[in-house]
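Engineer: The structure follows.
Bear in mind these aren't lab numbers, they're just calculated from the coordinates by the rules spelled out. Just so it is clear, the structure is predicted and the values come from calculations on it, not from any experiment. Virtual Cβ from ideal backbone geometry, glycine too; neighbours counted across all protein chains shown.
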Amino acid sequence: MASASSTAIERTEPSVKPGRWNLQTVGGLAALTEAAIYVAGIAYFLIILDYANVTAPRQQVELFVANQTSLYAVSLLIYVVFGIVLIALVLALHDRLRSGSPSLMQAATAFGLIWAGLVIASGMIANIGTATIVDLYATDPSQATTTWLAINPVVEGLGGGNEVVGGIWTLLVSVAALRAGMLHRALNYFGVIVGMAGILSAIPALGEIGGGIFGLTQIVWFVGLGIVLLQTSRRKMK
């Protein structure tokens with residue numbers, strides 16, 4: 001009986017070590033940071049740059065040239081920093097859920113790390129590409145526009161225009177949490193919806209709608225996830 005009770009505890013409790021900082025605390029802060037980065041990126045592109053209303057490639061290039069410094073900083077934030085912080089969150093969730101649903105969490109963690117790598121790569125390409133476009137624009141605006149048309153699909157394909165990998169990760173994490181009876185049931189069901197929206201963004205006809213829904217709803221999911229992970233960490237430190 002003692003052995004059975006010990007096994008049950010191992011399946012339902014994350015490995016939280018004593019001390020102010022532990023993997024669950026880091027994971028909770030990482031989730032909240034991801035939400036904040038999402039909001040910052042949306043505010044920059046939609047409000048400051050008004051990028052949604054700049055549709056002509058030549059105008060987009062001119063916008064980049066006029067905002068090179070801020071664009072570089074924001075791209076670094078929403079892609080590279082986002083990806084690095086995502087790794088911490090992926091590992092925290094793996095630690096939290098692996099005992100309750102080991103097979104699903106192995107798959108989820110693999111997709112999470114792949115997504116982080118794709119997002120980081122996308123940001124690096126975006127920044128190098130933007131610098132190249134700005135340099136070309138000074139001597140040949142037409143060539144700069146042509147280069148942008150070649151670079152943009154790569155950036156979008158890796159980290160923005162198609163959210164299928166992030167959607168699969170979110171879906172698998174949510175299903176694993178539901179099966180294990182961990183995190184919060186409402187948050188897990190919401191995560192299933194978020195993940196499905198990301199996966200649907202792979203369908204060309206639903207790409208913009210699915211990607212938009214995925215981005216907006218994942219902000220809410222990240223906030224809820226951060227709160228749950230931080231609450232878990234605090235309870236275990238008492």
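Engineer: Roughly what angle does helix 23-43 make with the longest principal axis of the chain, taking Cα atoms, 0 to 90 degrees, to the nearest 10?
Structural biologist: 30 degrees
Engineer: So for the chain, averaging the separation of alpha carbon pairs under 8 Å that are six or more residues apart and normalising by length, what relative contact order in percent results?
Structural biologist: 27 percent
Engineer: For segment 171-238, with equal point scatterers placed on the C-alpha atoms only and solvent neglected, what are the log10 I(q)/I(0) values from the Debye formula at q = 0.15, 0.17, 0.19, 0.21 1/Å, to two decimals?
Structural biologist: -0.51, -0.62, -0.73, -0.83
Engineer: Related question: Given the -39500 (n - 2.57) contribution per DSSP H run of 4+ residues, what per-residue ellipticity at 222 nm results for the chain, rounded to the nearest 500 deg cm²/dmol?
Structural biologist: -27000 deg cm²/dmol
Engineer: Among 213, 87, rank each residue by its count of other Cβ atoms within 10 Å, from fewest to most, as a rough exposure measure.
Structural biologist: Ordered by Cβ neighbours within 10 Å, fewest first: 87, 213.
Engineer: Can you tell me what percent of all Cα-Cα pairs in the chain are more than 29 Å apart?
Structural biologist: Roughly 34 percent, once rounded to a whole number.
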